[in-house]
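Notes to accompany the following structure.
The values are calculated or read from the model by the stated rules, or taken from the named source; none is laboratory data. Because the structure is predicted, anything quoted here is derived from the model rather than measured. Quick reminder, even Gly has a Cβ in these numbers, built from the backbone with ideal geometry, and neighbours come from all protein chains shown.
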Amino acid sequence: MTTPRVLQPSLAPRHYRTINWVGLSTLYMKEVRRFSSVATQTILAPMVTTLLFLAVFVLALGHAVDQVAGEPYRAFLAPGLIMMAITQNAFANTSSSILISKIQGNIVDLLMPPLTPLERTIGLAGGGLTRGIAVGIATWVAMTPFVPISVAHVGFVLFYALMASLFMSLVGVLAGVWAEKFDHMAAITNFIVTPAAFLSGTFYSAERLPPFWLGVAHANPLFYMIDGFRCGFIGHADGSLTAGVLVLLGANAALLWLTHRLIATGYHLKA
Amino acid sequence: MNGVRISGTAHALGPRRFGAVNWIGCWSLLRRQFKNSFSDLHYTLLGPVISNGLYLLLFVIASSSLTRLDPKGLVTFIAPGLVCFAIAERAFQVSGANLIYEKHERIHTDWLMAPLTPTERAACFALSSTIAGMMVGTAVALMTLLFVPAQVAHPAALLFFAAATGMMHGLIGTLLGIWAAKWDQYAALYTFVLLPLAFLSGVFAPVAAMPELAQRLIAFNPIFYLIDGFRYGATGAATADLRLSVSVAVAVNLALFAWAHYWLRTGYRLKS
């Protein structure tokens, strides 16, 4: 009489509370270890590339620029470059994780565990966010010997760093879910991500742009990220900060919903 | 009758002789290199064209909105450097990435077994990289026409330095491909050594405008002489002495060729 009563609970489906914390943290730690075990390639390499960009632009234009937004050119450049590194690496982490899993066939490891679509989304995006912030901090530290970086508003720096890496992590998840070959990912990087990053106002001030390029900048979410982030450092923004905050909050909410939707339906994942 | 037939068979069983150069073998190895590296032409050409186009666009927007510099002059200066850089990057990838891939898949035995001399192997790797690099260079050069009118001051110098850049990076790629056991090592050397050398070689800024320490360091960077010579071929203006640039290009290529030849001959990291 007693034996079945003991067995029954263990055979019944396991119940989780609102959130499966063990599963979520496992997925998150898997995503973090994926990049931290090859930190030379995922943190140091982008840091070096960003420093090279700084050197190239300061050497090529620095001598001819008096001041931008009341700052020497390199102090203007540095925050934008840090933000570029953050966004590109947040994107790279989630997009490559999903695409490689799909190609190697181990995407089931993501789909089978007892996680809700929301938990999957958060676990993946959390990994990308962590890589973005890690690269951002590394780049910042590496730049300090060359550029005097002071912080005007810590709140802005944190808000924009987190929002931007969340944004690009989610875009990366979407790209990874959609793409089926490395060719597809190369196309997204070449045609969307790199142009958006380059034409985002990192290298020039939007205030003095011709109208066409000003329009391009305002249509680019990365412009608001870089502008707001830079404002956290130099205390001056080219565009409207309210617009920036609203654009980022709105865009992240929309992306979160869309990503959740795709993962819930299994689009390009369970087919 | 019998004797003739036997001697005929003996001839066919004996070692096959090649002339001074095994042309069929070289041609096959070249075709194999091209087959591996040209299967994805659309993005090996399009990627560099887009990213270099963005660099130029950035410089135009940044210089015209922030400085009183003439954007035309700046682009005229930068464009040849970018073409050279595109040649270098592609040439390096063709031999380097290909070799590591083949080592991983253990299919490098195909050309280790083939009756080719080390000179023929090294020459084929260098040549295929040079041609692939110059193809990308041509595509990037055509793209720069969107920004600046075509300029060829000295066609011979232009071709010589384009080929020298491609060959040098093809040979560096070959050496790196032979040496590296993992993709990590290949990527690390690319990011931490080759990319800084190429970026800090006067592609983007006249050396004269740099701090003195930087100027002195750049004089030791072979890529500087290649880009400077290539720019001379395009615009007719050079920073370094042209004879020095030619000598550096020839000497570095010869030294790298000898090195690659030595490793291919001894089978270092290939036959073990």
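Key figures
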quantity	calculated
Pair list, Cβ < 7 Å and 6+ apart or interchain, from the range B:197-225 residues that are more than 9 Å from chain A (Cβ to nearest Cβ) and on the phi < 0 side of the Ramachandran plot to residues that are assigned to a helix (DSSP H, G or I) and of a type in the set (Ser, Thr, Tyr)	B:TYR225/B:SER245
Among the candidates A:PHE198, A:PHE223, A:PHE229, residue that is touching a Ser or Thr at 6+ places or on another chain (Cβ under 9 Å) and more than 10 Å from chain B (Cβ to nearest Cβ)	A:PHE223
Residues that are over 17 Å from A:ARG120 (Cα atoms) and either without any contact (Cβ under 8 Å) to a residue 12 or more places away in the chain or not in a helix (DSSP H, G or I) (or both), drawn from the range A:242-259	A:THR242, A:LEU246, A:GLY250
Odd one out for B:ASP70, checked against (1) touching a residue at least 24 places away in the same chain (Cβ under 8 Å); (2) charged (D, E, K, R); (3) within 14 Å of chain A (Cβ to nearest Cβ)	(1)
Number of positions in the range A:171-189 that are closer than 27 Å to A:ASP238 by Cα and at the interface with chain B (Cβ under 10 Å from one of its Cβ atoms)	1
Neighbours by Cβ (under 9 Å, 6+ apart or cross-chain): first from the range A:26-44, under 26 Å from B:LEU189 (Cβ atoms); second in a helix (DSSP H, G or I) and of a type in the set (Asp, Glu)	A:VAL38/B:ASP184; A:THR40/B:ASP184; A:GLN41/B:ASP184
Which listed residue is over 27 Å from B:ALA139 (Cα atoms), of a type in the set (Gly, Ala, Ser) and part of a helix (DSSP H, G or I), from B:GLY96, B:GLY25, B:GLY73, B:GLY53	B:GLY25
Test: residue in the range B:31-47 that is modelled with pLDDT of 90 or more and more than 30 Å from B:GLY236 (Cα to Cα)	yes
Leading residue by the ranking (nearest to the other protein chains (Cβ to nearest Cβ)) among those in the range B:151-196 that are among the aromatic types (Phe, Trp, Tyr) and farther than 16 Å from B:GLN93 by Cα	B:PHE161
Residue within the range B:181-191 that is touching a Phe, Trp or Tyr at 6+ places or on another chain (Cβ under 8 Å), more than 29 Å from B:ARG269 (Cβ to Cβ) and in a helix (DSSP H, G or I) present	no
Residues that are polar (S, T, N, Q), more than 9 Å from chain B (Cβ to nearest Cβ) and either buried (at least 20 other Cβ atoms within 10 Å of the Cβ) or closer than 30 Å to B:TRP183 by Cα (or both), drawn from the range A:31-71	A:SER36, A:SER37, A:THR42, A:THR50
